[in-house]
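The values are calculated or read from the model by the stated rules, or taken from the named source; none is laboratory data. In this text the structure is predicted, and so the values were computed from the model without any measurement. Ideal geometry is used to build each Cβ from the backbone, glycine not excepted, and the neighbour counts take in all protein chains shown.
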Amino acid sequence: MDTVDLTFKDFLEKFEDFGKCEWLTVYSNNREDEKESSGFYSALISRARIKKSLEDPSWDLHIGDGFPTIGFLPQSWSPNSDTEQFFDEENQKHYDLYNVGYLVLPIDKKPPQFARLIVKKGRFSLYKVDSESWFTLGKSSLEVMTKKNNLVNITHLWFYSPMFVNKDYPVIVLNNEKFAFVDRTIIMSDQNSYDDNRVIWRENPLFVNQKKFEQTLVNKVEKKLAQGYSVSFKLKNQCTNCILILKQTFHPNWQILVNGKKQAAFPVFPFYIGIRLNSPGDYQIIATYKPSTFKTILLVSGVLIFIFAFKKISKL
């Protein structure tokens, strides 16, 4: 477990009274042939050495300041989990994309410039970040035909493209469906290639000229429902490729009502729910998640079995 910068033996000899007190995790980068990787160590150090150790840049985890979190895993249940790893804490548009409205930071942690302090209490500060909430208006000029497991890299590029800045959300097509309102289509052959083996890292299909998107929603009012969300607003101008985006992971079980009528939704980058809009006017949209009948039967059966078993045990 040696590295060029710091061997494990040197690491042990660096501290006094090793093995008697708190855990602290550290790392040292290992560079070999211009390729970089990281070696990770967990160590026990004495209380007397904590302050000095934390002043070293390589000691980046403060004891007692952590929170339970969900980290990125190679195998994820939601397509949006794959792209959450690209979240940039210094980019306000990323907070808006994921509807992150608040930050809790240690008091000595410098917040992003766009975060507004609400309150300081104890060792932590609460900050507010502006967000458009769950619904936002955008457009879609690109159709990406792909398998689900080929999306991660092209979505990563979208995060840092002119399309993302201009609220252009590519439509994700998993079943060869054609969308007439988009301007162009690309077909992903694997995670890194599209259209006759053109490599996305060399010929990025997302770096295209963009007209500034200037459409807005007027008088938008959102509500959180028991099984979904609703929004009312006015669209002032005609828009040939406008879409309303609900910042929830797309699934066929989402039911969309537009002014009381069912309308099909579709997945858009990063894997959100897209709803087609084009005509100006007043809109009332309700998005409701409807579990499948099979899941409902399983849930009811599980509850009944639990009640039956509980009564049996109570009689013993």
Any hit, the range 175-183, residues being of a type in the set (A, V, I, L, M), closer than 28 Å to Ala287 by Cα and either modelled with pLDDT under 95 or in contact with a Pro (Cβ under 7 Å, 6 or more places away or on another chain) (or both)
yes
Looking across the range 269-293 at residues that are assigned to a loop (DSSP other than H, G, I, E, B) and among the polar types (S, T, N, Q), the single one that is nearest to Cys242 (Cα to Cα) is Asn278
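Condition check: in contact (Cβ under 8 Å) with a residue 24 or more places away in the chain and at positive phi. Does Asn259 satisfy that? Spell out the reasoning first.
Values: in contact (Cβ under 8 Å) with a residue 24 or more places away in the chain: yes; at positive phi: yes.
Judged against the criteria, Asn259 is a match.
So that you can scan it fast, the table gives a plain yes or no per residue for (1) touching a strand residue (DSSP E or B) at 6+ places or on another chain (Cβ under 6 Å); (2) closer than 25 Å to Tyr229 by Cβ; (3) surrounded by fewer than 19 Cβ atoms within 10 Å (Cβ to Cβ):
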{"site": "Leu117", "(1), (2), (3)": "yes, no, yes"}
{"site": "Glu143", "(1), (2), (3)": "yes, no, no"}
{"site": "Phe159", "(1), (2), (3)": "no, yes, no"}
{"site": "Asn176", "(1), (2), (3)": "no, no, yes"}
So, in the range 225-245, of the ones that are loosely packed, with under 14 Cβ neighbours inside 10 Å and touching a residue at least 60 places away in the same chain (Cβ under 8 Å), which residue ends up farthest from Asp282 (Cα to Cα)?
Gln227
Index of the failed condition, Phe207 passing every other in (1) more than 30 Å from Ile286 (Cβ to Cβ); (2) buried (at least 16 other Cβ atoms within 10 Å of the Cβ); (3) of a type in the set (A, V, I, L, M, F, W, C):
(2)
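If a residue must be in a loop (DSSP other than H, G, I, E, B), farther than 20 Å from Lys290 by Cα and out of contact with any Gly (no Cβ under 8 Å at 6 or more places or on another chain), how many such residues does the range 206-247 contain?
Of the residues in the range 206-247, 16 are in a loop (DSSP other than H, G, I, E, B), farther than 20 Å from Lys290 by Cα and out of contact with any Gly (no Cβ under 8 Å at 6 or more places or on another chain).
Residue-wise test of (1) surrounded by 12 or more Cβ atoms within 10 Å (Cβ to Cβ); (2) more than 24 Å from Phe233 (Cα to Cα); (3) free of Cβ contacts under 8 Å to residues at least 60 places away in the same chain; (4) charged (D, E, K, R).
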residue: Pro79; (1), (2), (3), (4): yes, yes, no, no
residue: Asp88; (1), (2), (3), (4): yes, yes, no, yes
residue: Lys110; (1), (2), (3), (4): no, yes, yes, yes
residue: Lys147; (1), (2), (3), (4): no, yes, yes, yes
residue: Val152; (1), (2), (3), (4): yes, yes, no, no
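Results for (1) farther than 21 Å from Trp254 by Cβ; (2) at pLDDT 90 or above, shown as yes or no for each residue.
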position: Val144; (1), (2): no, yes
position: Asn150; (1), (2): yes, yes
position: Ser161; (1), (2): yes, yes
position: Phe164; (1), (2): yes, yes
position: Val173; (1), (2): no, yes
position: Gln191; (1), (2): yes, yes
position: Gln215; (1), (2): yes, no
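Can you name every one of the strands (runs of 3 or more DSSP E) wholly within the range 86-166 that holds 2 or more residues which are closer than 26 Å to Asp190 by Cα and assigned by TED's automatic domain parsing to the domain that holds Asp183?
Details: elements: 102-106, 116-121, 124-128, 135-139, 142-145.
In the range 86-166, 142-145 are the strands (runs of 3 or more DSSP E) which contain 2 or more residues that are closer than 26 Å to Asp190 by Cα and assigned by TED's automatic domain parsing to the domain that holds Asp183.
Residue by residue through the range 178-189, note down the ones that are in a loop (DSSP other than H, G, I, E, B), exposed (fewer than 14 other Cβ atoms within 10 Å of the Cβ) and touching a residue at least 40 places away in the same chain (Cβ under 8 Å). Spell out the reasoning first.
First pass over the range 178-189, keeping only residues in a loop (DSSP other than H, G, I, E, B): 178-183, 189.
Still in the running and exposed (fewer than 14 other Cβ atoms within 10 Å of the Cβ): 178, 180, 183.
Asp183 - this is the single residue of the range 178-189 that is in a loop (DSSP other than H, G, I, E, B), exposed (fewer than 14 other Cβ atoms within 10 Å of the Cβ) and touching a residue at least 40 places away in the same chain (Cβ under 8 Å).
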